[in-house]
Amino acid sequence: MKFRCERDELVEALGTAGRAVANRGGALPVLSGVRLELEGDALRLTGSDLDLTISVAAEVAGEGDGVAVMPAKIASDVVRSLDPGRVEIAVDGDEAQITSGRFSSSIRLLPADEFPRLATPADDAVTLDASDLASALSQVVPAASSDDARPILTGVLMAAEGGGLRLVATDSYRLAVRDLEGKAVLEEGQSVLVPSRALRELVRALGDGEVTLRLGEREATFEVGRTRVTTRLIEGEFPNYRGLIPSSYPNRMAVSREALGDAVRRVRLMAREATPVRLTMSSGGLELDAVTQDVGQASEAVDATFEGAELTVGFNPEYLLDGIDVAPGDEVTLETTDANKPAVLRAAGRDDFLYLLMPVRI
């Protein structure tokens with residue numbers, strides 16, 4: 001196997017495929033590598049840890065088809081260190097020779113026959129607008145848990161809802177729900193649980209145009225441009241998130257999203273050691289404050305419209321900011337019941353996004 005290509009394109013392809021390479025102890029040694037398969041002038045690079053697989057196609061000048069597995073990190077480091085321009089890779093036996101200009105290096109290959117056979121994407125496919133999906137995922141994925149001890153909560157629920165697609169994620173401290181209307185991806189009543197790690201990688205690949213989704217019994221495959229992201233689905237029952245969302249709230253505040261976000265960022269500088277930011281809402285507007293013993297205090301008033309009984313409620317400032325930052329529009333509403341029950345953040349005038357946040361006792 002031998003091919004030539006531009007250094008920048010190869011760096012990008014190795015980096016993208018390499019993000020799925022196994023870096024956990026106990027994984028098959030061959031999974032620390034990127035698989036290269038050359039057919040004519042088409043090169044496909046694949047990285048996998050068995051749960052997540054990322055495959056990237058690249059156009060090269062090929063001389064001899066073949067398959068090889070190169071150690072991901074050293075191959076990426078070597079190619080990235082080269083000057084821009086043409087790079088040649090030639091495989092001979094158990095070594096790959098990398099040359100560019102006056103530079104030459106040989107890398108020991110991993111046994112290609114030990115690289116696992118990967119699942120073939122399902123035949124049935126649906127297409128989604130890539131920018132719409134990227135926007136929805138950016139609103140929901142941050143609310144998923146990163147604790148592998150609770151695998152169900154590390155996933156994003158994709159469910160058929162009202163003729164469209166609903167995305168839901170929660171880490172038990174906050175809950176994000178986003179509806180994509182008219183996106184008939186699943187049959188009514190059908191749902192799948194997709195690992196948030198795979199969706200984070202998908203967001204990095206999404207741009208304009210379309211993304212193709214193929215759902216199998218145990219895997220989901222997303223194809224966008226030259227990149228294919230395949231992930232195992234999570235098995236298990238997602239929590240009954242609907243039961244967490246009250247049908248109505250006695251208190252409602254409307255406020256500029258930018259003004260609220262800026263105020264939280266300033267006040268949280270004094271919210272150390274898990275100290276919450278307190279929001280006092282009244283007919284006079286909104287007051288934010290944080291006090292940390294032996295550090296200091298900060299407060300700020302923000303213009304807001306409030307309907308209901310005066311209330312002070314505390315929130316984890318990072319979780320609150322996550323919701324503010326991804327809410328669409330210029331104005332948000334915060335709906336509350338009391339200081340100990342979940343609050344709901346929405347974009348004013350829109351019902352396709354909801355961010356529920358558990359308060360912190362103060």
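The values are calculated or read from the model by the stated rules, or taken from the named source; none is laboratory data. Please read all numbers here as calculations on a predicted model, not as lab measurements. Note that each Cβ is placed from the backbone with ideal geometry, even for glycine, and that neighbours are counted across all protein chains shown. Remember, those area values only see protein heavy atoms, side chains included, never the ligands or the DNA or RNA. Shrake-Rupley method; radii C 1.70, N 1.55, O 1.52, S 1.80 Å.
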So in segment 108-137, with the set limited to residues that are within 21 Å of Glu37 (Cα to Cα) and crowded, with 18+ Cβ neighbours inside 10 Å, which one is nearest to the chain's Cα centre (by Cα)? Pro121
Residue satisfying condition, being modelled with pLDDT of 90 or more, open to solvent by 30 Å² or more (accessible area, probe 1.4 Å) and part of a helix (DSSP H, G or I), within set Arg228, Arg200: Arg200
Could you go through segment 161-184 and let me know if any residue there is within 18 Å of Asp124 (Cβ to Cβ), open to solvent by less than 50 Å² (accessible area, probe 1.4 Å) and among the β-branched types (Val, Ile, Thr). no
In segment 80-107, the residues that are open to solvent by less than 60 Å² (accessible area, probe 1.4 Å) and either within 19 Å of Ala42 (Cα to Cα) or in a loop (DSSP other than H, G, I, E, B) (or both): Leu82, Gly85, Val87, Glu88, Ile89, Ala90, Val91, Ala96, Ile98
Quick one: count up the residues across segment 47-75 that are of a type outside the set (A, V, I, L, M), in contact with a strand residue (DSSP E or B) (Cβ under 8 Å, 6 or more places away or on another chain), open to solvent by 10 Å² or more (accessible area, probe 1.4 Å) and not in a loop (DSSP other than H, G, I, E, B). 5
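Would it be correct to say that Ala22 is open to solvent by less than 60 Å² (accessible area, probe 1.4 Å) and either acidic (Asp, Glu) or modelled with pLDDT of 95 or more (or both)?
Numbers: open to solvent by less than 60 Å² (accessible area, probe 1.4 Å): yes; either acidic (Asp, Glu) or modelled with pLDDT of 95 or more (or both): no.
Criteria not met by Ala22.
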When both residues are 6+ apart or on different chains and their Cβ atoms are under 8 Å apart, which pairs have a first residue that lies in segment 227-246 and is farther than 30 Å from Thr337 by Cα, and a second that is open to solvent by 50 Å² or more (accessible area, probe 1.4 Å) and part of a strand (DSSP E or B)? Thr230/Glu219; Thr231/Glu219; Arg232/Glu219; Leu233/Glu219
Going by the conditions given, is Ala220 open to solvent by less than 10 Å² (accessible area, probe 1.4 Å), at negative phi, touching a residue at least 12 places away in the same chain (Cβ under 8 Å) and touching a strand residue (DSSP E or B) at 6+ places or on another chain (Cβ under 8 Å)? yes
Options Thr275, Thr280: the member that is closer than 16 Å to Thr312 by Cβ and modelled with pLDDT under 95: Thr275
Top-ranked residue of segment 231-260 - restricted to ones that are part of a strand (DSSP E or B) and more than 30 Å from Gly284 (Cβ to Cβ), ranked as least open to solvent (accessible area, probe 1.4 Å): Thr231
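Conditions tested, residue by residue: (1) over 25 Å from Arg178 (Cα atoms); (2) small (Gly, Ala, Ser); (3) open to solvent by 50 Å² or more (accessible area, probe 1.4 Å).
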position	(1), (2), (3)
Leu288	yes, no, no
Val291	yes, no, yes
Gly296	yes, yes, no
Glu300	yes, no, no
Ala327	no, yes, no
Among the candidates Glu300, Glu335, residue that is in contact with a helix residue (DSSP H, G or I) (Cβ under 9 Å, 6 or more places away or on another chain), in a strand (DSSP E or B) and not β-branched (Val, Ile, Thr): Glu300
How many residues of segment 138-160 are more than 17 Å from Ala327 (Cβ to Cβ) and open to solvent by less than 50 Å² (accessible area, probe 1.4 Å)? The answer is 11
Quick check: is even one residue across segment 146-159 touching a residue at least 12 places away in the same chain (Cβ under 8 Å), part of a strand (DSSP E or B) and farther than 23 Å from Ile54 by Cβ? yes
